[in-house]
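A short worksheet on the structure shown next.
The values are calculated or read from the model by the stated rules, or taken from the named source; none is laboratory data. Model, not experiment: these values are computed from the prediction. Cβ placement follows ideal geometry from the backbone for every residue including glycine, while neighbour counts extend to all protein chains displayed.
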Amino acid sequence: MARARDEAFWRNVADQYDVEPGPTNFEHGYFGRMTREVLRTYEQHLAYVNRSNSVYVRQRFDTQDSEIIREDLARLLGVPSEEIALTRCASESLQALIRNYNDLQPGDEVLISDLDYNSVQSGMRWLAKTRGVTLVEITHGHPASHESLLQAYDDAFAAHPRLKLMALTHVTHRTGLVMPVQDIAAAARSRGIDVILDGAHALGQLDFDLARLPVAFAGFNLQKWMGAPLSLGFIHIKKERLQAIDPDMGDTRYAPDDILGRAPYGTPNIPALMTLSTVFAEHRALGGSVVKGARLAHLRDLWVREAREMDGIDVLTPDDPRLYCGITSFRFNRHADQALMARRLLDEHGIFAVTRDGSACGPCIRITPGFTTSADDVAQLTEALRSLA
Ligand SMILES: Cc1ncc(COP(=O)(O)O)c(C=O)c1O
């Protein structure tokens, strides 16, 4: 896509953000910066809610505005608003789905992989222990291919006929690998296995159709690639499967057929929620996930193309365009300690990135560009890799 390579266009986008001077940031995977306009709107809402207090919140926000925000989000996602409940983050969403899933019988099995997020893995381990079901843990081979990923799940499904529920991560935080979610979830569905999808890194950088994914349960946040204020997430449950998720902690505020009772109770960050209409407008104006994702993947390609040719560097995330997005991990293969190498990237080259481990491909350094990253920043990264390799 030509727009993804248009540095002048992205310089204008970058100009919409305030950036603290310091190292070049290649760790935009933690959370996204808000644009200046989103920040300004957020600050205004914060000041207003602080001034008006419960007079506004009880009379307008709780009764009308929160519903308008939910409808806005549902429109963006292309699903009915009755399938959405707002939460405070992806972990909260996913853990609520896991702990309230009620369709398990003794002897059933539940599945996680080495690429799932830690809070999902621990949640599923807890589920197995407390419900007396068996946990199946699979490890994906390295290097991964579209076929090997599908095969790993097919093998697990065949070996474990009592599988009832599985976690699936759309984009793994360990290496940025994008799972063939559509095919894996379809295979699971054909065997009657429910999927809880972790969409934390997918929303805002991958173009996917939530309504058409054969996934009944999913958890997301809004602060990564949507650029919303911190502290927002949501649960998606397909209407016809709502009864498989119990109201959270016996919630009685809502009718049994209302998804809102499935979200953990608590006073939300109201000013942050009020900012979402601005966030969604900016997301659309930029071209949505298609354009944002293409830019991030282009920045990734710029460094990976060079790094693949460097002695001393193993790029661990595959180059199959179906299997990567903006995030990619690598390893200095002549150096044992990747944490030390990440430190040297920072100290000697002014580049900030983090290490990740826990997957079959071993410890690695994760490179995550963002919307303020330029081609020049990537050139600085490739020079640093060449020098340290
Ligand atoms: C794949 C994945 N899942 C879940 C989460 C948790 O998101 P949150 O911080 O919104 O709980 C993260 C956060 O980095 C993630 O990368």
Per-region count, region 210-265, residues under 25 Å from THR35 (Cα atoms) and among the polar types (S, T, N, Q): 3
Kindly indicate whether ASP257 is buried (at least 19 other Cβ atoms within 10 Å of the Cβ) and either within 16 Å of the ligand (Cβ to nearest atom) or in the same structural domain as THR169 (by TED's automatic domain parsing) (or both). no
Is one or more of the residues making up region 189-212 away from the ligand (no atom under 16 Å from the Cβ), part of a loop (DSSP other than H, G, I, E, B), closer than 27 Å to GLN223 by Cβ and not assigned by TED's automatic domain parsing to the domain that holds ARG322? yes
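Yes/no per residue for (1) outside any strand (DSSP E or B); (2) crowded, with 20+ Cβ neighbours inside 10 Å; (3) more than 16 Å from the ligand (Cβ to nearest atom); (4) under 21 Å from the mean Cα position of the chain (by Cα):
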position	(1), (2), (3), (4)
GLU67	yes, no, yes, no
ARG70	yes, yes, yes, yes
LEU73	yes, yes, no, yes
GLU82	yes, no, yes, no
ALA85	no, yes, no, yes
SER93	yes, yes, no, yes
ALA96	yes, yes, no, yes
ARG99	yes, no, no, yes
GLN105	yes, no, yes, no
The one condition ASN12 fails out of (1) assigned to a loop (DSSP other than H, G, I, E, B); (2) away from the ligand (no atom under 16 Å from the Cβ) is (1)
Go through (1) surrounded by fewer than 13 Cβ atoms within 10 Å (Cβ to Cβ); (2) closer than 29 Å to HIS349 by Cβ and name the single condition ALA47 misses. (2)
Determine if region 151-165 includes at least one residue that is in contact (Cβ under 8 Å) with a residue 60 or more places away in the chain and in contact with a His (Cβ under 9 Å, 6 or more places away or on another chain). no
Within region 196-241, take every residue that is closer than 22 Å to ARG99 by Cβ, surrounded by fewer than 24 Cβ atoms within 10 Å (Cβ to Cβ) and without any contact (Cβ under 8 Å) to a residue 60 or more places away in the chain and give me the one that is nearest to the chain's Cα centre (by Cα). ALA216
Within the bounds of region 117-129, is there any residue that is outside any helix (DSSP H, G or I) and surrounded by fewer than 20 Cβ atoms within 10 Å (Cβ to Cβ)? no
Of the conditions (1) surrounded by fewer than 21 Cβ atoms within 10 Å (Cβ to Cβ); (2) touching a strand residue (DSSP E or B) at 6+ places or on another chain (Cβ under 8 Å); (3) not in a loop (DSSP other than H, G, I, E, B), PRO268 clears all except one; give me its number. (3)
